[in-house]
1. Would you mind ranking 192, 554, 609 so that the residue whose beta carbon has the fewest other beta carbons within 10 Å leads the list?
2. Please work out the FRET efficiency for the pair residue 759 and residue 729, using the Cβ-Cβ distance as r and a Förster radius of 35 Å; give the result to the nearest 0.05.
3. Stokes-Einstein D for region 443-536 at 10 °C, 1.306 mPa s, Kirkwood Rh over Cα pairs, in µm²/s?
4. What translational diffusion coefficient, in µm²/s and rounded to a whole number, does the Stokes-Einstein relation yield for region 658-753 at 37 °C and a viscosity of 0.692 mPa s, taking the hydrodynamic radius as the Kirkwood radius over Cα pairs?
5. In nm², what is the average projected area of the convex hull enclosing the Cα atoms of region 287-460?
6. Can you tell me the order of 626-632, 431-437, 668-674 when each peptide is scored by its average per-residue count of other Cβ atoms within 10 angstrom, highest first?
7. What Rg and what Dmax come out for region 473-716 when only alpha-carbon atoms are used, in angstroms?
8. Extension gain residue 293-residue 414, at 0.36 nm per residue separation less the Cα-Cα distance, in nm?
């Protein structure tokens, strides 16, 4: 095969481009494009000539991308950032593409991948300007003598307009027609279902847009990411493809300009505006709480919050009604969150919150304690006893070295007119509590005299929640012990007493998976012994430093059905990381552990685990959102376990849906999330804050906990079904309910979450509880 380097090339500016090529310009009456052949064949500028609009949203010199050593100046951004391995910071960004046929409106380029797992794959690109369209053809040919697998991804830092909002409207087709979104900064928006394999972006203010259509190889999904107005991406992920020697993979992408005002189809201004109108925020009525309201004729108004949801950060404008009663439910041993807001209609001082006993119709009190907290008003949603701290959260509480002291009891609150206090009360039902219907009151006293009363009806079901034996929830538990050899202990180590308190908190929230950041044998054994004392059984652990043999661990803890994996590598995101992972795998293979764990955050990791059979990975539900469910199913068929994680778990309904229904229905061993960190330097990212070394819960953690409880309710129902008479009506109803859930929720947890709310998940949980009661009546001897 003749090398492109031997070709004679004529370029627009009369430049001869060699291995270290200068930028190349393509141009016609509609477009002016600057290409970077020696920087991954990317486009660093895509200009619409008619209005001088730049579509590239990000082309920045950076110190380092990925984990490899810098060999030349690296740049982040651009359009047509191709990745055979599906990662987004790999060496292909700096690859030198050899130039082939060129003209003022067309260029072809070629690159041979030399890296482990992908060597021998030759990529050819052809970019053609044709009127108002740009055609991009990509071919990958396997020139090696071995089978190769690619997870091809195009990352386009592309967008319309200079600001978010109407200047940057994202368009995509769904089964029921066109959808339109104005995404905010910090948003990741994956599309698992893309009928027609296209998306669009439009500036409704300046009346222009671009439609991106794919053909050829099957598209797996599209993902929009918005970091800011100046940094945003639209990304294409193709279905993984296996290439035998000599096989080719082909895909084509067409970028076409359009003006909404001149279209008569689904890309018309009218169609787009209709789709945007359908996205107006819906009023979510908390139907399962069965709220009772009364005329708001007092000095304050109570409005309901969902127990797992974020507190409002904007003013509450309700004027006419106030909450008088709600209905909640739980089981013996469960903690039920009750949340609400108090909004002042005039300035208020010395506000207090108290709870009565909860009693049944016979006057018998429920064994339960009510533990109220203020929700911080900064949007980070810390649970605090001190009103002053809730109003002004100190930066220091983000890590365990905090010396900020907190109150043991709820302090009084003060509100200016129209300001709000948000509260979450944990109703901790005792394990020995009797089932039944109970009622109690939350009394809010204002200005030392006026009172508001909120009635809470609490149904306690006649069963306890059962944990699954093969899956559960957990996290990277980045807590260290004083004097431990691991960095977490060296820099942020705590006493054994404080460490035990932290483990008690995880136990209370029904965790059963854990990554331990301990380096000394005696400390690892202390942590595991403590968890045994706290009642942990059927649990899964990853040891960051596997200094104890697997045989010794199993001899000591096998009777509790504990399992152990050694930690491998963290998030392979470039080809350099692949070689590092293989080396670590070979080292761990010398130990007696049956498998190795590592965090798999991009499709590159999926290719890696295919050649490392003794791995049981923790797969990212974000970077691998398009593949993680299918990959877990595949690994399960191979007899291999898998876990899931998010860098920082979503605080809204999609986070709960994943950790509840998805963990329950899929053959994964549950979660190993990132975020249980004692060493943070930033407020609002982790599960806990700290007041003088004591843990402070967050709404992020509460949302997770409600997902875990969904898992437990569904598992409890499933276990009851296994013991019930299969011919009973209860068994038939439960089986039908389970089948409906599994049919309704498939692999698109982010898309499904956009169609539901927290109360819908509560409804499913309530249905599972009612079915469990009926199944237990039909239990076979």
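Laboratory data are not the source of any read-out in this text; all were calculated from the coordinates shown. These figures come from a predicted structure and were not determined experimentally. Reconstructed Cβ throughout: ideal geometry from the backbone, glycine too, with neighbour counts over all protein chains shown.
1. Fewest-to-most Cβ neighbours within 10 Å comes out as 554, 192, 609.
2. On the way: r = 27 Å, r/R0 = 0.78.
Calculated transfer efficiency: 0.80.
3. Working: Rh = 16.2 Å.
The calculation lands on 98 µm²/s.
4. D = 208 µm²/s.
5. 10.6
6. Most protected by this proxy first, the peptides run 668-674, 626-632, 431-437.
7. In Å, with Rg to one decimal and Dmax whole: 17.0, 48.
8. Stretched out fully, the residue 293 to residue 414 stretch lengthens by 41.2 nm.
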